[in-house]
1. Where does each of 25, 382 land when they are ranked from fewest to most other beta-carbon atoms within 10 angstrom?
2. Where the centre of each part is set by its Cα atoms, how far does the stretch 102-132 sit from the stretch 58-84, in angstrom?
3. What's the whole-number percent of alpha carbon pairs in the stretch 298-338 lying beyond 14 angstrom?
4. What number results when the radius of gyration of the stretch 249-292, computed over Cα atoms, is divided by 2.2 N^0.38 Å?
5. Could you tell me what a quarter of the Cα convex hull surface of the stretch 100-171 works out to, in nm² with one decimal place?
6. For the stretch 266-317, what D do you get in µm² per second when you plug the Kirkwood radius from alpha-carbon pairs into Stokes-Einstein at 4 °C and 1.567 mPa s?
7. For the chain, compute Rg over Rh where Rg is the Cα radius of gyration and Rh is the Kirkwood radius from the inverse mean 1/r over Cα pairs.
8. Roughly speaking, what % of Cα-Cα pairs in the stretch 343-394 are separated by over 14 Å, rounded to a whole number?
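Every number in this text was worked out from the coordinates using simple rules, so none of it is lab data. Small disclaimer: the values here were computed from a predicted structure and weren't measured. FYI the Cβ positions are ideal-geometry reconstructions off the backbone, even for glycines, and counts take in every protein chain you see.
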């Protein structure tokens with residue numbers, strides 16, 4: 001496979017996006033485990049006659065029937081109980097955190113595998129019991145079925161133990177924050193390594209006579225099939241400047257891209273290019289690092305609402321933001337130190353992420369909703385101070401802008417002059433250049 005083969009890159013991107021969407025569906029893994037159960041029952045029938053009966057223990061049909069009845073009668077009840085517990089955890093995550101985090105919580109592998117194991121064990125017990133009572137197994141088949149039954153018991157017990165530990169944490173806000181932070185970190189680190197997703201950077205001036213690719217749909221841009229777009233551009237001999245990034249809200253007649261080159265007036269080409277922009281009803285985390293920041297900010301804002309009044313959660317989210325931006329800065333600097341890699345999509349140009357937009361997504365709502373809490377205001381200033389010290393272009397200025405905005409919110413919301421004075425002292429670094437490094441004992445948690 002060629003490294004920069006646009007067809008291969010397009011198929012790879014589509015497959016990864018489709019698999020990520022399947023991970024968010026609860027029915028996929030149970031269906032797979034049901035199929036595995038049916039295959040296991042069939043294999044036990046196929047081994048009959050492969051080994052001499054005298055070499056294997058004679059497992060009575062009554063013993064197997066008892067074991068299989070236990071599985072078939074108990075697993076469905078446990079599966080229903082597990083599904084109910086998971087739904088309660090999902091509802092809790094959507095209520096305590098934010099509904100936008102539900103997709104991350106639902107994709108929890110441990111819970112899905114546990115539910116799949118319980119349903120698969122039920123199907124195995126029912127099908128194997130029917131086959132056994134109809135005399136489909138000989139001595140060798142019964143022994144193989146006995147081994148499979150013991151294996152099913154072991155897997156069920158192990159899955160139940162791990163699932164109980166996970167379900168106890170699944171609906172909690174700290175667990176939700178950790179999971180959202182993890183998906184946001186993946187998207188941010190990928191963008192740090194590929195600021196323009198493998199394309200050339202967007203230039204300010206474009207050639208005269210550009211033709212616009214317009215959207216015919218309304219929704220959020222979920223992904224761009226850059227491999228297919230590159231292939232279309234190569235075939236037509238044109239250059240494409242993408243004007244919308246994943247996460248943007250698209251309306252009809254919104255400019256998705258501008259094209260210039262030989263056959264730029266071909267309407268069919270423009271329609272095919274528009275089809276490479278996948279638009280859906282909601283945002284996704286895959287290629288949209290800003291969405292992860294928005295979801296974390298929503299969790300913090302909900303925690304700061306009068307009905308919840310949990311500034312500790314907001315402080316926890318501030319720590320997540322500091323980690324995310326610190327890792328992103330480290331990955332960006334590491335990319336700059338390495339040898340430049342030729343772009344995968346040399347006929348495409350994409351804009352990069354604006355530092356000010358990223359910090360707006362993370363801190364703007366938090367600074368507004370946490371303005372009345374001195375603890376949140378102090379931790380916010382300390383976190384932004386640390387970000388301002390990171391050697392990443394544009395980050396220091398953006399952090400100072402957010403810190404100044406948070407200070408102004410605090411000045412208006414805090415009632416006591418003593419509290420306002422403490423906040424001013426914490427924000428003194430804004431006008432002092434880089435200033436001294438923050439006290440390590442006061443770093444965001």
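1. Working: 25 13, 382 21.
Ascending number of Cβ neighbours within 10 Å: 25, 382.
2. 13
3. Values: 463 of 820 pairs.
Taking all Cα-Cα pairs of the stretch 298-338, the fraction more than 14 Å apart is 56 percent.
4. Details: Rg = 13.4 Å, N = 44, 2.2 N^0.38 = 9.3 Å.
My calculation over the Cα atoms of the stretch 249-292 gives 1.44.
5. The number I arrive at for the stretch 100-171 is 5.5 nm².
6. Values: Rh = 13.9 Å.
Stokes-Einstein gives a translational diffusion coefficient of 93 µm²/s.
7. Details: Rg = 28.2 Å, Rh = 25.7 Å.
My calculation of the ratio gives 1.10.
8. Values: 866 of 1326 pairs.
Summing the P(r) tail past 14 Å for the stretch 343-394 gives 65 percent.
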